[in-house]
Every structure is written in structure tokens, then in C-alpha cells.
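What follows draws every value from the coordinates through simple rules; no lab data is involved. Fair warning: this is a prediction, and the values are worked out from it, not measured in the lab. Quick reminder, even Gly has a Cβ in these numbers, built from the backbone with ideal geometry, and neighbours come from all protein chains shown.
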Amino acid sequence: MLRIPFPSTTVARGCIAVAALLITAWVQWDHDGAAQRLDNWLRDRSTLLRASPQPEQRMLLVDIDETSLERYPWPWPRTRMAEMVEALLADGARGVALDILQEKPADAAGDARMTMLSQHAPLVVAQLFDFGQREDPLHSGTLAGGAPGAVPGGVPAYGYIANHAGLAQALHFGNIGVAPDPDGVLRRVPMQTVFNGHSYPTLSRALFDCCAGGRPLPDTATGWVRIPYTRDWPAYEVAKAADLLDQRVPPEFIQGRLVLIGSSALSIGDRVATPLGALSAGLMVHASMLTGLLDRQAGLAPAPWPGSLIALLFCLGVTALASYTLPRRTAAVNVTLLVASSALWLLLAYAIAPHDASFGPSGPLLSNLFLLMVAVPFHWQQAQTRSRRLLDTLRQYVAGDVVDELLRSNLQDPLAPRQLDVTTLIADMEGYTTHVESLPVEEAARLTTEFLDCLTRPVLAMRGTLDKYTGDGMVAFWGAPLPNPDHANLALDAARAMLQAVQHLNTRRAADGLPPLRVRIGIESGLAMAGDFGTAMRSIYTAVGDSVNTASRLEQAARDYPYDIIIGEGTVSRASRHRFRQLGQRVLRGKEHPINLYTLEDAPCAP
């Protein structure tokens, strides 16, 4: 096995912890780094899960779909486009934006009407900027509009496709040019584009500034802005362009709304890949941006959260927890903790995503992966080294071939029997035969299992050792194989928990019309021989001694008392957290002299 030497275990642990934190920090501030693809994938899944079906009633999408093209074949004359815009404005639309370029003149009458509308009506005309650096830049049409001066943070463009000269004097222009991410998915748009010393807003921002009314929004974001895909296509009010031309769209469907005109028809080709689908309509991009702007204006947008800081703090917490658990827990436990923390982070990242568009959700996941691949193996190697040292020490007292055989048999505690101070608890069901003699075998087995479960869980919860089952009862002890000065208190805690568990079982039985069960418990403390006993054919870890026998006699004596728990003098003298009630003296079977019997002071009388 390859071992990597470290100058110091403490230094190595510190280096691993710092490296995990640096990974998360690197992802938060290196937005174009290698982790960007994973970040985008995580955000896309979050977007799909979060897309709301709540109708968006503040805008209307006019879709030139396949049905409209069947009724009115493409390309359309400008007269038809003008009729559509005029009909929308006549029915009370607050403003209209065209996600359509008019690069060259067409029918003169239609062009004239569109020119008049662009100069005198709340109409936003589209033009497209190219963000790719080409050897032969695009320069098509007559570029118009734009505010003088470059907006700080604006995205530089290197070419354009504009409209014909007749629309050069339009009042409102909006950019429809985009640049997908390297994987082809459109996640961002330039809020402000800079070209030849002028700044141009994106189409949704131009429509908002032109026609939304109400409280204006500052240009706080001017560069690439993540598109808030908060709704999928079915959530938007959509009218077919053909229905609008045929006057089959009710005016109340248009009144007071912002309108975007575009096409979802595959034959026109305005389809893009988005987190919501591989073939989303381009109109969906502008609608999502406009929804985000309207939400901000209405105070509905999610409040900003410091996502990167939260990611760093989460990673710091996980790293601190791992630094504590890695040297103290098994590799399986540590792997489980890291996997659980990764799942927790995914839930937290899902909650953060709407509040911070720039944080890297993959950071803590990559840090956890680093801990899994480096820290867990490192500490496992350290644990193996410590185990080998312990085994070497054990070989000083036990023959080496015996130790090897114990290891091959998977015994976790290869210890010779030794005398220890222990507390023994023996529990049994009273009247077991009466309860099961009339039951079918399956029901009798189920009753036994349920009863033993009531006894076993408290023993394990209180770190006891389950010695054996005795048909309808059990034997357990505390203080072995590892000494524990609190063994008497833990045994009494387990006895209380057993009574509660049996009481809950009786409640369920009463609901089924069945008689209650009673458990008898005997507890005594003292010296006992604990260890592996048996033969070469079978070995068992158990405890034997006078205190164990006394606990058995106390359990049998419980049938003569109205209390479920009978406690011996040894346990009373060792227990510091419990109060007791003396029941008198009694000569137990096999004993020559009487001993004092006790029960818990607050123990109820058995029915």
C-alpha cells in the first residue's frame, strides 16, 4: 500500500482543511473556471424545479406560431405587422415590443405605417448586436437609437443587424442579440450593450423603461445578467397572431398589459436552448427578463443574499466537523457525514439560488469531494497505523498466531476474561405461557419479538452489552467489556426506558382488545468475570459471578411484589442519579442470609 509521508499529522490535517476552504473560495470568485459547468448544471436543475405555474398576467405574448403561418404564410407584409400593432394599441396595450427584425424595406404602405408607429406610439423596435469577434464583422441595416456614452459595465459588441433606414428615427430600440454559454444554453443576456460609444438596452429593459410606468428602476446591473426563468411557457398568457389578426382576441385580454411579439414556429428558427428546455422559444427569454424587471418594480423579487459567504461558512462548518470526526470515527461514518452534508448543501443552495445569481453552488460539493478523496483515506491510514500499534501491544500478551486467528474471525474485542465491576439487568415477561398458549405460532412469534424489542432498544441506547435472550426475556450488563464508572446509573436508566416501552406496547394492545403485558426486572451490581467463554466450537462474550446470579433471583422475586423493578444493595450503593424505596429484607433462593430489596422511589405499582 502506498503511503505518503507527512512531516506532522497536525500539519497535514491543517493543510487538508485549508485546501478544502480554498476550493470553495476559488469556485465563488472564478466564475469562468473549470467548475462553471457543474455550477450551471446545478442551477439548471434548480430552475426546472422552481419554475412556477402561477399565471403571468402583467404581459401578453403574441406568438406567430405554426397555426398562424398556415393561415397567413410567411414572410408577412409590413401592412399585416402594422395592423397587429395597431390592434394591440387600440385595445389598450401599455406598450408593444417586436422580437422581429425589419432589415430591408418591404411594401411601402406597411413600412410607412410601421415608421409612424415607431415614432409616435409606445413601440419598441428590435435590433441585434453581435458579441463575437469575427474577421468580417456584421454591419447590416441602419443602426439607430442608443444613449451617448458607454455605460460602465456594459457588454461590448462587435457587429450588428439593424432595421431599414425608415425605422432609424424610432423612439425606442431594444437589443435581441444574445450569447449562449459554451454548452449552448442561454442563461444570460446583456442588460446594456456598448457599441461605438453608445449604450443600448436589451429588449425587455427598453419595453419596461418605455411603457411599464410606476416606480423606475436604477440600472444597477448593466453587464451580463442571469435570466430569471421563474415561469415556464404555460404560465404566460399567449395569443396566436392569427387570432389577433382575425379579431378573435378579447380586448380585456390585452387591456393594460405589456405585449411582446415574436415567434415559436420552428420554420422561422427563433428557438434557443434554455434551462427550461432544449428548444425554447426566443420570445421566452425576453418574457422572463421582463417578468424579473416587473417583480423588482413591485417589490416581489427575492431579497439579495450573500450566497458566496454562505457557501464559505458552510464549507468552514463542514471542514471543522470533519476535522473533529475524521480521527475519531470510522471511515464509513465519515463518508456518511460528508454525503449527508452534501445533501444538506444541495437543499441550501436550492434556497439561495433565487437570491444570488453569481454564487457558485458547486464549491462546497467539490470541497466535500476533496475531503472524501484525500482526508478520509489519510485518516483511515492513520487509524490503521494506530490499530497495528495496538495489535503489536496485544501480541506482547497473546501469542501472535492467536491474534491473527482472532482478526480473521472478525472479533472486534479479542480480550481474555477478566474481573470487572458490572451491573447486570435481567428482564422477563410475567405469564408468558398464559399469553401465548392460545395463539397461533405466527402471532406468538410476533408478540415475543415486540416484547424483546421493548427490552433491547433501551439496552443499546444506554450503551449496554446484550448478553443473551432467554426465550421471553434477556440478560444485559454494563461495565464490560469496557469499564464504565456510571454502569449502575445506565442500567437503571435502561430499566425505566423498558417500562415506558412496554407501557406503549400495552396501549396498542388495549386498542386491539388484548390484555396488558408485565415485565419483571432484576438489577444487581458487583464483581463478575467478563470475557469470551466457551469452547473451540463456539465462543460467547458473557459475564458470570455472584452479582449476576443475584440479579436473576431479584427478577424472580418481582412476582411477589407490586413493582416491576427489584434492585439489589450493590446497585443502590453505586447509583448516584436515582432515588430508591426500600422494600424490606428477603432471603433469596440459594442465599443463606437476608438482603435488602429496593425499587425506584417513583416506580408505580404494577396493575
| What is the spin-label model distance, in nm, from ASP560 to ALA90 if the labels are put 7 Å beyond Cα along the C-beta direction? | 10.8
| message | With the crude spin-label approximation of a point 7 Å out along Cα→Cβ, what separation in nm comes out for THR67 versus ARG80? | response | 1.6
| field | Answer label for Cα extents along the principal axes in Å (calculated), chosen among [x] 94, 56, 48; [y] 65, 65, 51; [z] 124, 67, 42 | value | [z]
| field | Lone cysteines, the chain (no partner Cβ under 4.7 Å) | value | CYS15, CYS315, CYS454, CYS605
| What residues have an amide H closer than 5 Å to that of GLY174, excluding those fewer than 5 places away on the same chain, when H is modeled at 1.01 Å from N in the peptide plane? | VAL125, ALA126, GLN127
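Sort 290-300, 519-529 by the packing proxy (mean of other Cβ within 10 Å over each peptide's residues), most packed first. All intermediate terms of the calculation are to be shown ahead of the outcome.
Details: 290-300: 17.3, 519-529: 24.5.
Put in order of decreasing packing, that is 519-529, 290-300.
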| query | How far, in degrees from 0 to 90, does helix 282-298 lean away from the longest principal axis of the Cα atoms of the chain, to the nearest 10? | reply | 70
| said: Quick check: the angle from helix 36-50's long axis to the longest principal axis of the chain, C-alpha only, nearest 10 degrees? | reply: 90
| field | For the stretch 249-260, Karplus couplings with θ = phi - 60° (6.51, -1.76, 1.60), whole Hz, Gly/Pro x | value | 9, x, x, 5, 6, 10, 3, x, 9, 7, 10, 10
| query | Given only helices, namely DSSP H runs of n ≥ 4 each adding -39500 (n - 2.57), what is the per-residue ellipticity at 222 nm of the chain, to the nearest 500 deg cm²/dmol? | reply | -13000 deg cm²/dmol
| Within the chain, what percent of beta bridges assigned by DSSP are antiparallel, to the nearest 5? | 65
| Net charge of Cβ neighbours under 11 Å - reference SER267; Lys, Arg +1; Asp, Glu -1 | -3
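Sequence gap at least 6, Cα distance under 8 Å: using those rules, report the relative contact order of the chain to the nearest whole percent. Mind showing how you got there, number by number?
Numbers: 1056 pairs, mean separation 77.6, N = 607.
Rounded, it is 13 percent for the chain.
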| query | Which residues' amide hydrogens lie under 5 Å from the amide hydrogen of ARG187, considering only partners 5 or more residues apart or on another chain, with H built in the peptide plane? | reply | ASP181
| Vicinal HN-Hα couplings computed from phi for the stretch 158-171 (Karplus, 6.51 cos²θ - 1.76 cosθ + 1.60; Hz; Gly/Pro x) | 10, x, 7, 10, 10, 9, 5, 4, x, 9, 5, 9, 4, 6
| What are the residues whose amide H is under 5 Å from the amide H of LYS240, where those residues sit 5 or more places off or on another chain and H is modelled from the backbone? | ASP63
| ³J(HN,Hα) across the stretch 112-129 via Karplus (A = 6.51, B = -1.76, C = 1.60, θ = phi - 60°), whole Hz, x for Gly/Pro? | 5, 5, 5, 5, 4, 5, 5, 9, 10, 10, x, 10, 9, 9, 8, 8, 10, 9
| task | For every other residue with a beta carbon closer than 13 angstrom to the beta carbon of ARG58, add +1 if it is Lys or Arg and -1 if Asp or Glu, then tell me the sum. | result | +1
| Ordering of 189-197, 235-243 by packing [mean C-beta count within 10 Å, highest first] | 189-197, 235-243
| Cα centroid separation - the stretch 555-584 against the stretch 37-97, whole Å | 81
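How far, in nm, would the chain grow between THR385 and VAL18 when pulled straight, counting 0.36 nm per residue and subtracting the alpha carbon separation?
Numbers: separation 367, 0.36 × 367 = 132.12 nm, distance 2.42 nm.
Gain on stretching THR385 to VAL18: 129.7 nm.
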